[in-house]
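Working notes, structure below.
The values are calculated or read from the model by the stated rules, or taken from the named source; none is laboratory data. From a predicted model like this one, the values you see are computed outputs, not experimental measurements. A quick note on method: Cβ atoms are made from the backbone with ideal geometry, for glycine too, and the neighbour counts reach across all protein chains shown.
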Amino acid sequence: MVAMEQSVLCRDLNKEFGSGDMRTLALRGVDLEVHPGQMTLLVGPSGCGKTTLISIIAGLLYPTSGEVTVLGQPLNRMRNGNLIAFRGKEIGFVFQQYNLLPALTAAENAAVPLLIAGWPRAKAVEKAKSVLASVGLANRVNSFPRQLSGGQEQRVAIARALVHEPRLLVCDEPTAALDAQSGQTVMELLRKVAVQPDRAVIVVTHDNRVLKFGDRIVTMSDGRIERIEGRT
Amino acid sequence: MSWIALKMLMGDRAKFLGLIFGVTFATLLMTQQISIFVGIIKRTASQIVDVRDADIWVMDNKVRYIDEVPGLPDMDLHRVRGVRGVAWAVRLYKGQVRARLPDGNFRNLILFGLDDATLVGAPKEMLAGDLADLRRPDAVIIDKAGYEYMWPGEPWVLGRELELNDRRAVLVGVCKASAPFTTLPILYTRYSSASGFVPKERHLMTFIMAQPEEGHTSSEVCRRIEAQTELQALTRDEFFGKTVRYFLSSTGIPVNFGITIGLGFIVGAAITGQTFYLFTIENLKQFGALKAMGVSNLRLIGMILTQGLVVGLLGYGIGLGLTAAFFEATSGITHLAGLYMTFDAAIGVGAAVLVIIMLTALLSIRRVLVLEPAVVFR
Ligand SMILES: Nc1ncnc2c1ncn2[C@@H]1O[C@H](COP(=O)(O)OP(=O)(O)OP(=O)(O)O)[C@@H](O)[C@H]1O
Ligand SMILES: [Mg+2]
């Protein structure tokens with residue numbers, strides 16, 4: 001089974017937004033493979049389509065045309081209901097703006113994917129605490145987001161993205177809102193904790209200082225893949 | 001998920017309180033106004049309800065409501081007594097008279113003249129004095145609110161005098177009576193005394209009070225009286241309904257209360273709707289993140305409905321509590337006594353609150369449903 005060797009397989013992906021004069025071609029025939037056990041960095045100038053591409057890979061957007069197969073599932077042919085369940089089970093998300101729930105503690109926030117999956121609350125929070133410990137926040141489990149620094153918030157978000165042990169992690173500019181030191185810490189954590197033999201990690205970034213963390217660097221330009229460096 | 005929904009809701013303390021305030025305000029205003037409305041409208045017919053010892057009211061066939069009744073010739077009493085199924089029938093006078101107090105002040109009063117032999121229509125509960133004393137010459141009994149109106153701040157003194165149509169009347173008792181719509185004092189006397197207290201009219205008898213025989217229903221006997229006498233005969237409930245309908249259709253009361261109640265609904269809905277919508281908008285990013293992380297639209301709807309229902313339930317509960325407290329606090333005030341929160345008002349307002357919450361939630365749900373999960377990366 002060739003398809004199972006890659007976590008993500010994109011074939012001739014196109015994505016259009018709008019119509020008429022407002023029409024934008026965000027992706028123009030993207031072919032890409034993403035492998036498990038690696039951190040793949042997605043870089044390129046603003047507006048080149050990075051976010052659009054990972055949105056399609058993460059099952060948040062349908063492509064206009066082309067094939068996208070994630071963990072053996074043809075996402076472009078999946079019904080929305082199945083796509084939602086697929087996201088909840090298989091994909092972890094890290095956002096630029098963390099998107100933590102301000103009313104929940106760090107542990108409760110990190111437990112959200114398990115709660116979505118129907119875990120009992122006590123059990124979910126227990127598991128979330130152990131994951132928080134692995135990102136170095138064992139002593140902040142009961143803090144609220146407003147009591148945490150940006151770097152700490154992003155570490156809570158990483159714990160949340162990993163708590164349900166997804167096989168694909170997508171991160172859109174996880175260090176963009178952070179100072180250099182915190183960005184460094186976050187990338188080191190992703191490298192150390194997130195990358196696992198059976199998990200693929202995709203990180204969109206603008207930040208040249210984090211390039212050294214990637215196993216592969218995919219450079220995009222104007223809706224196309226321009227080049228791919230690193231191990232395949 | 002509903003746990004997360006509630007955490008989100010209560011996390012924003014100011015909005016949460018604002019939401020509850022909106023529902024509480026609407027509930028309080030609507031329940032209080034509906035209850036007062038119902039209470040006041042019932043007062044228009046309270047003298048009908050107070051008479052428990054006769055079920056049938058016979059009167060001129062043109063009568064529209066209890067306060068506008070012409071006299072009947074005494075002959076009619078005998079004709080009613082002759083109708084099959086009538087166990088007994090007695091006369092009753094009800095009208096307005098002017099009383100002059102020893103200090104020269106005068107007051108309008110509602111006067112009941114009760115059948116001398118049976119005292120049908122007499123007050124059921126005496127607070128001072130004895131009903132039997134009504135048989136003494138020129139004796140009158142006044143209701144509690146009436147006494148306080150006539151002699152404000154004074155203790156109950158029996159034997160005090162007032163002048164009715166230049167005739168002396170002697171107070172022999174104070175009784176309980178339902179508040180009349182006009183808030184005038186109610187005076188009870190014997191029919192024979194009433195004829196002296198009322199300026200000369202050709203016919204004094206305004207009502208004939210009758211009771212059906214065993215085995216006949218009131219309404220059946222009423223119809224028979226009407227067929228045989230061309231008088232109007234109504235059961236207690238029919239006369240009550242007729243009087244209430246008259247006040248509803250020919251006064252501004254329903255419109256005025258309707259406006260206040262409508263305002264309560266609109267203002268409550270506006271505060272709640274706007275705050276809830278703002279709350280949703282502010283949390284749109286969080287809802288988007290949940291959507292991305294695998295929460296289905298159905299569960300998001302469930303979350304928003306949970307938030308709405310909790311706000312509705314809390315606001316409604318507090319609103320009802322405040323309404324009850326209002327009526328409790330005012331029950332000692334004579335003019336407001338007898339007004340209380342009605343069950344129907346509570347149920348009706350509950351339904352109105354549910355409508356507010358549903359409309360409000362619908363706006364928010366629409367917003368969350370059209371939300372693209374991909375916005376989380378924007
Ligand atoms: N929902 C949308 N509607 C219309 N146009 C869109 C939409 N999303 C993206 N685009 C357009 O598609 C193109 C690619 O956008 P995308 O967000 O993928 O770029 P990006 O590489 O992530 O940029 P940045 O580095 O600034 O985040 C841009 O021209 C953008 O304006
Ligand atoms: Mg982007």
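Of note:
- In the set (1) outside any strand (DSSP E or B); (2) in contact with a helix residue (DSSP H, G or I) (Cβ under 8 Å, 6 or more places away or on another chain), B:Ala89 fails one condition alone, (1).
- Test result for A:Leu104, hydrophobic (A, V, I, L, M, F, W, C), within 16 Å of ligand 2 (Cβ to nearest atom) and touching a residue at least 24 places away in the same chain (Cβ under 8 Å): no
- Within the stretch A:20-78, the set of residues being among the hydroxyl-bearing types (Ser, Thr, Tyr) and either within 13 Å of ligand 2 (Cβ to nearest atom) or in a helix (DSSP H, G or I) (or both) comprises A:Ser46, A:Thr51, A:Thr52, A:Ser55.
- Single condition B:Gly153 does not satisfy, out of (1) in a strand (DSSP E or B); (2) without any contact (Cβ under 8 Å) to a residue 24 or more places away in the chain; (3) not aliphatic (A, V, I, L, M): (1)
- For the stretch B:278-290, the set of residues classified as of a type in the set (D, E, K, R) and facing chain A (nearest Cβ under 8 Å) consists of B:Lys285 only.
- Members of the stretch A:92-110 found to be surrounded by 20 or more Cβ atoms within 10 Å (Cβ to Cβ) and at the interface with chain B (Cβ under 8 Å from one of its Cβ atoms), listed by number: A:Phe93, A:Phe95, A:Gln96, A:Asn99, A:Leu101, A:Ala103, A:Leu104, A:Glu108
- The sole residue among A:Leu27, A:Leu42 that is more than 19 Å from A:Arg216 (Cα to Cα), modelled with pLDDT of 95 or more and either away from ligand 1 (no atom under 12 Å from the Cβ) or buried (at least 21 other Cβ atoms within 10 Å of the Cβ) (or both) is A:Leu27.
- Selection over the stretch A:46-64 of residues that are more than 14 Å from the chain's Cα centre (by Cα) and within 7 Å of ligand 1 (Cβ to nearest atom) gives a count of 4.
- Residue within the stretch B:188-196 that is out of contact with any Pro (no Cβ under 8 Å at 6 or more places or on another chain), of a type in the set (Phe, Trp, Tyr) and assigned to a helix (DSSP H, G or I) present: yes
- Within the stretch A:169-190, the set of residues being surrounded by fewer than 23 Cβ atoms within 10 Å (Cβ to Cβ) and either more than 14 Å from chain B (Cβ to nearest Cβ) or away from ligand 2 (no atom under 16 Å from the Cβ) (or both) comprises A:Leu178, A:Asp179, A:Ala180, A:Gln181, A:Ser182, A:Gly183, A:Gln184, A:Thr185, A:Glu188, A:Leu189.
- Residues that are touching a residue at least 60 places away in the same chain (Cβ under 8 Å), in contact with a strand residue (DSSP E or B) (Cβ under 6 Å, 6 or more places away or on another chain) and surrounded by 22 or more Cβ atoms within 10 Å (Cβ to Cβ) within the stretch B:163-189 comprise B:Leu164, B:Ala169, B:Ala177, B:Pro185, B:Ile186, B:Leu187, B:Tyr188, B:Thr189, listed in sequence order.
- Among the candidates B:Ala26, B:Ala54, the residue that is assigned to a helix (DSSP H, G or I) and either within 14 Å of chain A (Cβ to nearest Cβ) or buried (at least 22 other Cβ atoms within 10 Å of the Cβ) (or both) is uniquely B:Ala26.
- Condition met for A:Val131 (buried (at least 19 other Cβ atoms within 10 Å of the Cβ), more than 14 Å from chain B (Cβ to nearest Cβ), without any contact (Cβ under 8 Å) to a residue 60 or more places away in the chain and more than 16 Å from ligand 2 (Cβ to nearest atom)): yes
- Qualifying residue in the stretch A:153-172 (condition: hydrophobic (A, V, I, L, M, F, W, C), within 13 Å of ligand 1 (Cβ to nearest atom) and in contact with an Asp or Glu (Cβ under 7 Å, 6 or more places away or on another chain)): no
- Scanning the stretch A:140-161 for residues that are within 17 Å of A:Leu42 (Cα to Cα), buried (at least 17 other Cβ atoms within 10 Å of the Cβ) and in contact with a strand residue (DSSP E or B) (Cβ under 7 Å, 6 or more places away or on another chain) turns up nothing.
- A:Pro113 passes every criterion in (1) more than 8 Å from chain B (Cβ to nearest Cβ); (2) under 15 Å from the mean Cα position of the chain (by Cα) apart from (1).
- Whichever residue in the stretch A:1-19 is within 11 Å of ligand 1 (Cβ to nearest atom) and assigned to a loop (DSSP other than H, G, I, E, B) and, among such residues, is farthest from the chain's Cα centre (by Cα): A:Ser19
- Among the residues of the stretch A:183-217, those identified as in contact with a Lys or Arg (Cβ under 8 Å, 6 or more places away or on another chain) and either farther than 19 Å from A:Gln97 by Cβ or part of a helix (DSSP H, G or I) (or both) are A:Gly183, A:Gln184, A:Thr185, A:Val186, A:Leu189, A:Asp198, A:Arg199, A:Ala200, A:Phe213, A:Asp215, A:Arg216.
- For A:Leu61, the conditions (1) without any contact (Cβ under 8 Å) to a residue 60 or more places away in the chain; (2) surrounded by fewer than 21 Cβ atoms within 10 Å (Cβ to Cβ); (3) out of contact with any Phe, Trp or Tyr (no Cβ under 9 Å at 6 or more places or on another chain) are fulfilled apart from (2).
- Some residue of the stretch B:356-378 being closer than 17 Å to B:Val38 by Cα and either in contact (Cβ under 8 Å) with a residue 12 or more places away in the chain or among the aliphatic types (A, V, I, L, M) (or both): no
- From B:Gly258, B:Gly215, B:Gly321, residue being of a type outside the set (A, V, I, L, M, F, W, C) and at positive phi: B:Gly215
- For the stretch A:138-150, the criterion of being within 18 Å of the chain's Cα centre (by Cα), farther than 25 Å from B:Leu9 by Cβ, among the aliphatic types (A, V, I, L, M) and part of a helix (DSSP H, G or I) is met by no residue.
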